[in-house]
Amino acid sequence: MSLEYRSFFNVNSGRIEAVLGGSYTVTAEGTKVFSASVPGLDSIEGSYEPGKYYVKDSEVKRIPDMPDNSFLTFDTLSEQDVDMRSLEDVKQQTWDEIKDLRYSLEFGDFEFEGNVYDSNLVSQGRIMGAASAGVNQVWTLADNTTVSLTASQLQQLYATLQVHIASVHERGRIARQLIFEAETKEEVEAVQL
């Protein structure tokens, strides 16, 4: 009797699911007979970490590493990454990503008369107040330089901000409609804001 490690794999998927050490005997014909077995699994000589390897055509292969946040899984039969999410999951994830991008765009920057202005919540309130005040002001831009604006320009700045916000939300509404009308994952993933 000799000691040996064997890796046990699922016959259908090829994925190695267990490793056992044990003894084996050699028959008169030279065939090794391993002392341990796992019901429903076939085995191959060697110790391979379960979940990290698979067997295809009697060859042991390593399953490629996936990012921790990946929704892909490696299909050992086709030897390709496969998206295991349902269509509804893809729609929800894509819509969540679009909402995050919409938020970033709305509260990021916008352009007026060739200058870039902040549009975060505080800046939006300041722009609204300045437009209402009806007086000329020196305004600090997104890059921390300043520009002098007349009362009329401040009102136009506020109007431009409102158009910026409305445009971002309109793009979001269109994207949402396209996402939830899509019939395939590929159609959903093609939607852009």
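Miscellaneous remarks
- When you work out D = kT/(6 pi eta Rh) for the stretch 102-193 at 4 °C and 1.567 mPa s, using the Kirkwood radius from C-alpha pairs as Rh and the Stokes-Einstein form, the result is 89 µm²/s.
- In a simple Cβ point-charge model (Lys, Arg +1; Asp, Glu -1; nothing else charged), the chain has a dipole of about 400 debye relative to its Cα centre.
- Spatially close Lys pairs in the chain, defined by Cα atoms under 25 Å apart and a spacing of eight or more places or different chains, total 6.
- Prolate/oblate/rounded label for the stretch 67-138 (Cα gyration tensor, a/c 1.5): prolate
- Carbon and sulfur %, accessible surface of the chain computed with the full protein complex present, 1.4 Å: 49 percent
- Theoretical FRET efficiency, 1/(1+(r/R0)^6), r = Cβ-Cβ of residue 10 and residue 170, R0 45 Å, to 0.05: 0.35
- Cα gyration tensor shape of the stretch 42-107, rounded if a/c is under 1.5, else prolate or oblate by comparing a/b with b/c: prolate
- Evaluated at q = 0.18 Å⁻¹, a Debye calculation over the C-alpha positions of the chain (equal weights, vacuum) places log10 I(q)/I(0) at -1.10.
- Dipole of the stretch 18-98, positive direction: furthest Cα of 41, 24, 70, with charges on the beta-carbon: 24
- Here is the list for the stretch 35-68: trypsin sites (Lys or Arg not before Pro) lying in DSSP coil, each with at most 12 other C-beta atoms within 10 angstrom of its C-beta, are 52.
- With coordinates expressed along the principal axes, the C-alpha atoms belonging to the stretch 125-174 extend over 38, 24, 15 Å, beginning with the largest.
- Residue-normalised accessible area of the stretch 71-142, given per residue in Å² at a 1.4 Å probe: 58 Å²
- Zone residues, the stretch 21-42, relative to residue 3, backbone N less than 13 Å from point 7 Å out along Cα-to-Cβ: 21-24
- Positive dipole terminus of the chain, leading residue within 179, 90, 150 (C-beta point charges): 150
- Computed [θ] at 222 nm, deg cm²/dmol, the chain (DSSP H ≥ 4; -39,500 (n - 2.57); rounded to nearest 500): -12000 deg cm²/dmol
- Averaged over its residues, the stretch 13-60 has an accessible area of 61 Å² per residue, based on protein heavy atoms and a 1.4 Å probe.
The values are calculated or read from the model by the stated rules, or taken from the named source; none is laboratory data. Since the structure is predicted, the reported quantities are computational estimates derived from the model, not experimental observations. As a convention, Cβ positions derive from the backbone with ideal geometry for all residues, glycine included, and neighbour counts pool all protein chains shown. When the accessible area is computed, the model is the full protein with side chains, heavy atoms only, and any ligands, DNA or RNA have been set aside. Shrake-Rupley method; radii C 1.70, N 1.55, O 1.52, S 1.80 Å.
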